[in-house]
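J.: If you scroll down you'll find the structure; I have some questions about it.
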Amino acid sequence: MYLTKEIFIVYPLQYIFGYAFFDDLKFKVTPDVLIPRQDTELIVQKATECIAPLAHREVNVLDLCTGSGCIAISLANRFRNFPAVNFYASDISEKALKVAKENASNLNTDIDFICSDLFDKIDIRFDVIISNPPYISLSEKCFMSEDTLKFEPEIALYGANDGLEFYIRIADNYKNFLNTGGHLLLEVGFKQAEAVADLFREISKTEIIKDISGHCRVVHVFN
């Protein structure tokens, strides 16, 4: 008798139903955007803490690599009663931006969307910059679920240089777009926090933020 092992790859339910919940909000999702993860709510909370002391004046906030728009829209929802806080969101994918714009409209939030490869089409400065960029290296594929590998957009998943590609590019350019006293918040992946923080330590202060499970999830760069 021969036993065979069958591997069942499950099409993500969020794509089947067409939505996912994030920060207590309902977001449209399609295979053109990553499915929002609860882990990413940590960077929203930290961004909230950075924006709140500034919200009495005009503040510019940028979400790089916005995807579904979940970070920018969640923050805009939290600060909807502070009209001086301006939100911008960018992505290289026009298809992703289409989804993000629909989410912003559905959730009645005011966000300026920009089609841009990181900072390429950005021409103003910001007080807070947030990014959850592609950060998975090819060597980390073995740790990922098959449904993520097969169905979520590769353009939003993978970075060269051991997953550090986009952090390196951000480190090379962020000073031209971040106001003095501003904050840069980066979600990081598996065992990346120290390597990402090292990219910024020579020119800025850095803080590594852990989630409730003790995993390093966010690098905070500030002046």
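J.: Dividing the convex hull volume of the alpha carbon atoms of region 161-205 by its residue count, what do you get in Å³ per residue? If you can, show how the numbers build up before the last one.
T.: Numbers: hull volume 3.3 nm³, N = 45.
It is 73 Å³ per residue.
J.: Then there's this: What trypsin sites (Lys or Arg not before Pro) in region 64-144 are in a loop by DSSP, with at most 14 other Cβ atoms within 10 Å of the Cβ?
T.: Those that pass, being in a loop and sparsely packed, are ARG80, LYS121, ARG125.
J.: Shifting gears a bit: Only sites in a loop by DSSP and with at most 12 other Cβ atoms within 10 Å count here; which GluC sites (Glu not before Pro) in region 26-85 make the cut?
T.: Numbers: sites: GLU41, GLU49, GLU58; in loops: GLU58.
Answer in residue order: GLU58.
Read-outs throughout are calculated quantities, based only on the coordinates presented, and are distinct from any laboratory measurement. Since this is a predicted model, take the numbers as computed values, not measurements. Cβ coordinates were reconstructed from backbone atoms using ideal geometry, including for glycine residues, and neighbour counts include every protein chain displayed.
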